[in-house]
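Heads up, the thing below is written out as structure tokens.
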Amino acid sequence: MDVLCKLQHFAIITYAVDPSRFAGMFPARFKLDTLQINDEEKALISVVPFIDVDFTSAVYPFPKFTMGQTNYRIYIIDKQTNERCVWFLGTTLDSCTLAVPRLLWNLPWYPGKVKFDCAFDETEQIYRKYKMTTEAAWAPVSVELTQSKDAKIELLGFPDTQTGLVYLTHPLAGFYYRHDGKLGTYRVWHKQLEVASANVNLARFGLLSRLGLVTEKEQQLPHSVLIEPTNEFTIYLPPKVVK
């Protein structure tokens, strides 16, 4: 049941906030994966918007789907395995296929009308325009990103850029509370992401504001913004229930 998909207009918009904001959000099996930034302990949460392109079975003949999606994830450590992973608050998906993950696997996925308005300059290899909106009751979004050619990636709290990129882009296991309250997990795989730096021009993430995780003022000042026009992921299915 594994799924292969290309992700277009892929961005990781990350915020560093006080760890106390995440109290009680996940089971005791996990702990926050924190950093020291300017002598203060910080926890990281990322918003990850993209378009699933050619979403299809990795094994069997199957129809291909294209759909907008946004993931909300907190960086954690699994104390049983010491693996760095992420805790999914949930996902918005713009597709009629939403019924499959919600009903079949009880995934915390929610409907939303996602629109991307992007212009990527192939010659300069930068986005001239990156806008994304989501109309949704659970997690409305309005975000605009900008890019400058040859802008350096700066990741506060990490000993070097490569360590930070692995931390932010390469967690392969995700955990979450299913709609039935049980603990669920699934894994992904991807090659090294070829991300570049970007900046927030405007950010309004309704879920982060509503849950008190990142204020609207703080949303304008992210820890980092990483962006890649296209990459490819393998999603290992079906998700599992953790006993």
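The values are calculated or read from the model by the stated rules, or taken from the named source; none is laboratory data. Keep in mind that what you see is a predicted model, and the values were worked out from it rather than measured. In this analysis, Cβ positions are derived from the backbone assuming ideal geometry, glycine residues included, and neighbour counts consider all displayed protein chains. These area figures cover heavy atoms from the full protein model, side chains too; ligands, DNA and RNA do not enter into them. Shrake-Rupley method; radii C 1.70, N 1.55, O 1.52, S 1.80 Å.
Observations on the structure shown:
- Rounded to whole numbers, the Karplus 3J(HN,Hα) couplings from phi for the stretch 39-52 are 6, 10, 6, 10, 10, 10, 9, 10, 9, 10, x, 5, 10, 6 Hz, using 6.51 cos²θ - 1.76 cosθ + 1.60 with θ = phi - 60°, and x at Gly and Pro.
- Charged neighbours of P238, selected by a Cβ distance under 13 Å, balance to +2 (K, R count +1; D, E count -1).
- Summary value for the chain: 24 percent relative contact order, contacts being C-alpha pairs under 8 angstrom separated by 6+ residues.
- Helix-only mean residue ellipticity at 222 nm for the chain, each DSSP H run of n ≥ 4 adding -39500 (n - 2.57), per residue, nearest 500: -1500 deg cm²/dmol
- Positive contributions from Lys and Arg (+1) and negative ones from Asp and Glu (-1), summed over other residues with Cβ under 13 Å from the Cβ of F88, come out at +3.
- Whole-Hz Karplus values for the stretch 150-165 come out as 6, 5, 7, 7, 10, 10, 4, x, 10, x, 7, 5, 4, 4, x, 5 Hz, taken residue by residue from phi with 6.51 cos²θ - 1.76 cosθ + 1.60 and θ = phi - 60°; glycine and proline positions read x.
- The phi-based Karplus calculation (6.51 cos²θ - 1.76 cosθ + 1.60; θ = phi - 60°) puts the 3J(HN,Hα) values of the stretch 232-241 at 9, 10, 10, 10, 8, 10, x, x, 10, 8 Hz, whole numbers, x for Gly and Pro.
- Among the GluC sites (Glu not before Pro) within the stretch 160-230, those in coil by DSSP and having at most 13 neighbouring Cβ atoms inside 10 Å are E194.
- Extension gain, L156 back to L4 (0.36 nm per residue minus Cα-Cα distance, nm): 51.4 nm
- Among the listed values [x] 86, 57, 45; [y] 43, 42, 33; [z] 71, 46, 28, the one computed from these coordinates for Cα extents along the principal axes in Å is [y].
- Surface exposure of the chain, expressed per residue as accessible area with a 1.4 Å probe, stands at 49 Å².
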